[in-house]
Every structure is written in structure tokens, then in C-alpha cells.
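In what follows, a structure is listed as C-alpha cells, so that the remarks can point back to it.
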Amino acid sequence: MFGDKKKKLKDSERSLISETVSIEGTINSSGAIDVAGLVKGPVYSKEIIVRETGSITGSIEADHVEIHGHMDGKISGADIVVGATGTVKGDIEFGNNLKTENGADIDGYIKKTNTAKSKLSADFLFSTSKDGKKSKDNDQPETVVNKDSEVTA
């Protein structure tokens, strides 16, 4: 009656970076992120949508990615859409599907990978130290390692 709950993320699981917001640093989310503002730094999420007014300078790693604004950096994901108003300056690596709408602007290499399954896991996105607290408490950068990638948060 209300659709497939597994496929559709609830509104409460979505985060919005509005047009008036500028963020510098690493962004991790186990839900979805809509970017209408400016982001400088890598973004790791289940789903990322860069709206027409949005801009990301840095890499993106997500299951589902939509670019309708500006992206300057590498995109890795299972399903990627570059909309008619989207501009990508960087390489695109996808596992399942890549859709480019008429008018999309891409300056980079495109590669299909064998791995369609996400490398993102809850452990990767939100790593904790042995005592159960976030390791940010010691003012040292937190290093999170997941198979092929290493991120300093």
C-alpha cells in the first residue's frame, strides 16, 4: 500500500545541506544527503543527490549518486545519474548503471567495475574505538580502513 520500504528512504533519514550552507571536511552518513549548498571534502553516504544549486569539490562514494549541479572529483557508486544540468569534472566508477541525460557535461574517465555491492558499511561510516567512544575525543585524526580505501576523518 505504501510502497517498498526497503528501497525508499524515509524523509527522517535524509539530510539537507541547503543553499545557504558551506561545509569543509569529510561527511559520513548512513542515510541520504541532498546537497544544495557547497561542500569541500569527501562525502560517504548511502545516497547522494547534488541539486542544481549544489557543488561538491572532493570525492563521492555512495550506492546511489545523482548529479544535477557541479561535481569536481571522483565518483564511485553502484548507480549513478548525471542530469541534464549536471557537470562532472573527474572520473566516474560505477557498478550497476550509469545514466547521463541529454545536456550532461562530463570531463573524465568512465569505468564500470565488477563490484556492484557497496563498500560502505556501518563500521566504515561510524567507526568507534575499543571502549565504545568515538576516537575523536583525543584530538587526533581518526583513521578508518575499509578493504581498498583509507580515510582520515
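Nothing in this text is a laboratory measurement; each read-out follows from the coordinates by a stated rule. The structure presented is a predicted model; accordingly, all values stated were derived computationally and were not measured. Here Cβ is always computed from backbone atoms with ideal geometry, including for glycine, and neighbour counts include all displayed protein chains.
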Those strands (runs of 3 or more DSSP E) completely within the stretch 46-115 that have 3 or more residues that are touching a residue at least 12 places away in the same chain (Cβ under 8 Å) and of a type in the set (Val, Ile, Thr) are 60-67, 75-82
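Okay, residues lined up against (1) under 26 Å from Lys112 (Cβ atoms); (2) more than 12 Å from the chain's Cα centre (by Cα); (3) among the hydrophobic types (A, V, I, L, M, F, W, C):
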| position | (1), (2), (3) |
| --- | --- |
| Ala36 | no, yes, yes |
| Gly41 | no, no, no |
| Ile48 | yes, no, yes |
| Ala78 | yes, no, yes |
| Val88 | yes, yes, yes |
Could you please find all residues in the stretch 37-68 being crowded, with 22+ Cβ neighbours inside 10 Å and either among the aromatic types (Phe, Trp, Tyr) or under 21 Å from Asn102 (Cα atoms) (or both)?
-> Tyr44, Ile48, Ile49, Val50, Gly54, Val65, Ile67, His68
